[in-house]
Amino acid sequence: MSTNSLTERFYAQMQLIRRTEQTFFDLYSRGLMAGTVHTSIGQEACAVGVVNALDRAGDVIFSSHRAHGHFLAYCDDVEGLVAELLGRRSGVVGGIGGTQHLHTRNLYTNGVQGGIVPNAVGAAFAEKHKQSGAIVTVFLGDGTLGQGVVYESMNVASLWSLPLLFVLEDNQYAQSTHRRDEHAGALAQRAQPFGIECAEIEADDVFAVYAAAQHAVAHVRSQNRPFFLTLHTYRLAPHSKGDDTRSAEELQRYWARDPLARLAAALPDAQRNVIDAAIEARLADGVTTALADEMAGSCDREIRDSRLEISAHHSPTRPFAQSRNLQSPVSNLQSPISYLESLRQSLHDILAQDATTVVLGEDILDPYGGAFKVTKGLSTRFPDRVRTTPICEATIVGMSVGMALRGLRPIAEIMFGDFVALAADQIVNHAAKYPAMYNGQVAVPLVIRTPMGGGRGYGPTHSQSLERLFFGIPHLKIVAASHLHDAGALLRQAVADPEPVIFVEHKLLYPMGLVRGESGKLRDWEAERLEIEDWWRAADGVVQVAEAVDRSGYPVALARNYGDGAAPDVTVIAYGGMSRLLIPLLTEMAAEEIRVLACLPACISPLDAAPLAWAAAQSGRVLVAEESPVAFGWGAEVAAQLHAQVGDHLHAPVVRIGAAPTVIPAAKALEDAVLPSQAMLTAALFDLLATT
């Protein structure tokens, strides 16, 4: 393409970005936009120079909150962008994302600083794994270099030799704070210690940016190695709307260096005027069309319908296994088998059957095979798809999110459940957010496996049950495998789930043999009556076990210590590792001629309370047990649901037990005093039975 043609093309793109963002300010001043807007006025040469050096058809772009320029340079969809910021249903993501959360084709943006960087690393791994030839570009601002996850990401990108281009748009300010007050040392060479080649230029000239980007892209594509390109630029407009504390003199100095004005001077007036007029007409039409479109708020009816569906979903008067065609996973157990062996065998089966699955985590390679040996043998058999990582939980999950966005099914292992707190941003603001905030255009089929719970003397930071931190997060499932479930089949079901799943494994269950019942042979559930054809007798000869299926398609384990036709005296509801206490408890209570029904759902959030309500109504007395402290816990939600749905059938308030509200000590005697025990369950059960 000739220089004159490129000049015209670059000017048209930069002017479109400039005038679109100025139009946004005008729409705000007229009260037609809500929320906020982050513009890139003054930085247009960065977006246009870099994006034009990429292959728009195949390459992938990640950007953060200041992404209008990248979006328009990539796809030119000014109409969709205007409609999005005006909150219209025709917006690129239906008015859900607004200014910071945009998606189209291979472009993804998110407003959390730094969070997109490990997503980009995972996406680059996916493209390399698929041998697509595509590279991934991630735009970040100078303020983002304060985030530790950025450096974790650089480390892995270099270690794994991934096709990833980092583009630092150094506009000198993180909102209102100048970089001199945020960063020690030079920014442009931050990636160099990781073995990543770096380059930096002033971004006043779009042609210079374009040439530098072409060089960087060629390096990434030919070497299959990351590259770090720093573009020194300046934001001429406020951070968002009117929040600008810079001096008039400083702004005037940089307006005199405006890259758009510099490029405009290279075009004849007549040619420039034609471009400007076409942009103005297009913007005017885009605004008019968007304002005439339905507000995204018109989907309130759909949201209400969704809430009604959820309400009906939890109604105890409807069959809880018949609203979907999902089935409980088919067991492939070879008895006897332990909880750990079941999980390990399923991981081997999953990787053998699906080439898109990838396992990643710390210390998971042979001969070690993970802290609890669940991954033993996997890396020997699947060396390209079992990847050990540095100690970087946020990046492990963040990479998994990027892999999932680009078509893989990652299984991330967090060595101890306590460390999920380090990955909370990636779980809550990325994995669980992308599908909904992109209006259903993407999926994040991700499983995060992690061992939770105490009992092994590991002390305060390695013994907690922190799955409680993620209860109630929309579009995120928490699945807890007890030893009354087929743990391996449950893991296969989680991997097949289109939504992200935190898969909780209790440490004390790993060596235990599985105690399973017959798969959910449900006949009927009417007027709070559930009939199960087959109860399977456990090894002790006293306890009988069966399995039903809730509306999410996940199994609910049921155990009882009494025969057919009898009603229980008390119902115990629990999940996960509490199952190790329930079989002995039921055996003990059978000797006391106390009939106990235990109910353990596998999917503990979101909670389908219907099977729990059925189980509660059988006895009218309910004990809810969990290993974490009861305050603000899972048991509180269960109790609230039961009192709301079958309160008339309860003969006493729901009783909750859990851990003492303190740290979990390392000393065995102290740990035993803090955590729930069978003796605690027995005492609480007798107290409940004594309630009139």
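Bear in mind that the values in this text are calculations on the coordinates, not laboratory data. Please read all numbers here as calculations on a predicted model, not as lab measurements. Note that each Cβ is placed from the backbone with ideal geometry, even for glycine, and that neighbours are counted across all protein chains shown.
For region 2-75, the Stokes-Einstein estimate of translational diffusion at 4 °C and a viscosity of 1.567 mPa s comes to 98 µm²/s, using the Kirkwood hydrodynamic radius over alpha-carbon pairs.
Using the Karplus relation 6.51 cos²θ - 1.76 cosθ + 1.60 with θ = phi - 60°, the per-residue 3J(HN,Hα) values for region 642-654 come to 5, 5, 6, 9, 10, x, 5, 8, 8, 8, 7, x, 5 Hz, with x marking Gly and Pro. Here the Debye sum runs over all C-alpha atoms of region 572-654 as equal scatterers in vacuum, and log10 of I(q)/I(0) at q = 0.13, 0.15, 0.21 Å⁻¹ comes out as -0.39, -0.52, -1.01. Taking 7 Å steps out from each Cα toward its Cβ at residue 205 and residue 161 produces label points 3.6 nm apart. Beta bridges from DSSP with both residues in the chain: antiparallel share about 30 percent, rounded to the nearest 5.
Across region 562-607, Cα-Cα distances exceeding 14 Å account for 52% of all pairs.
Under 11 Å from the Cβ of residue 679, count the other residues' Cβ atoms, weight Lys and Arg +1, Asp and Glu -1, and hand me the total. Charge balance near residue 679 sits at -2.
Let me know the Kirkwood hydrodynamic radius for region 40-161, please, with Cα pairs as the basis and the value in Å to one decimal.
Details: mean 1/r = 0.0672 Å⁻¹.
Result for region 40-161 stands at 14.9 Å.
Whole-Hz Karplus values for region 430-441 come out as 10, 4, 7, 8, 3, x, 6, 6, 9, 6, x, 7 Hz, taken residue by residue from phi with 6.51 cos²θ - 1.76 cosθ + 1.60 and θ = phi - 60°; glycine and proline positions read x.
Relative protection proxy for 111-117, 43-49, from highest mean packing down: 43-49, 111-117 (other beta-carbon atoms within 10 angstrom).
What area, in nm² and to one decimal, does the C-alpha convex hull of the chain cast on average over all directions?
Details: hull surface 131.0 nm².
Result: 32.7 nm².
Amide H to amide H distances under 5 Å link residue 536 with 518, 545, 546, where only residues 5 or more positions off or on other chains count and H is placed in the peptide plane.
Report Rg/Rh for region 538-689, rounded to two decimals, where Rg is the Cα radius of gyration and Rh the Kirkwood radius. That ratio is 0.95, to two decimals. When the chain is described by a simple charge dipole with +1 on each Lys and Arg Cβ and -1 on each Asp and Glu Cβ, the residue from 658, 553, 448 located farthest towards its positive end is 448. Converting phi to 3J(HN,Hα) with the Karplus coefficients 6.51, -1.76 and 1.60 and the offset θ = phi - 60°, region 621-633 yields 10, 10, 10, 10, 10, 9, 8, 7, x, 6, 4, 6, x Hz in sequence order, with x at every glycine or proline.
Using the Cβ of residue 172 as centre and a radius below 9 Å, the other residues enclosed give a net charge of +1, where K and R count +1 and D and E count -1. When each of the peptides 388-399, 197-208 is scored by the mean number of other C-beta atoms lying within 10 Å of its residues, the order from highest to lowest reads 388-399, 197-208. Ordering 542-548, 379-385 by mean Cβ neighbour count within 10 Å, with the highest value first, yields 542-548, 379-385. Electrostatic bookkeeping for residue 143 treats Lys and Arg as +1 and Asp and Glu as -1; over the other residues with beta carbon under 10 Å from its beta carbon, the sum is -2.
At a threshold of 8 angstrom on Cα-Cα distance, excluding pairs fewer than six apart, so keeping six or more, what relative contact order does the chain reach in percent? It would help to have the intermediate numbers written out before the result.
Values: 1481 pairs, mean separation 77.3, N = 692.
Taking the mean separation of contacting Cα pairs over the length of the chain, I get 11 percent.
Calculated [222 nm] ellipticity per residue, helices only, for the chain: -11000 deg cm²/dmol; basis is -39500 (n - 2.57) per DSSP H run with n ≥ 4, divided by all residues, nearest 500.
For region 339-509, the equivalent ellipsoid derived from the Cα gyration tensor has semi-axes of 22, 19, 15 Å, listed largest first. Around the amide H of residue 656, modelled in the peptide plane, lie the amide H atoms of 624, all under 5 Å away and 5 or more residues distant in sequence or on another chain. Would you give the gap between the C-alpha center of region 63-86 and the C-alpha center of region 157-196, rounded to a whole Å? Cα centres, region 63-86 to region 157-196: 24 Å. Using a cut-off of 23 Å between Cα atoms, the listed pairs 477/507; 373/433; 128/507; 433/477; 373/507 include 373/433; 128/507 as exceeding that distance.
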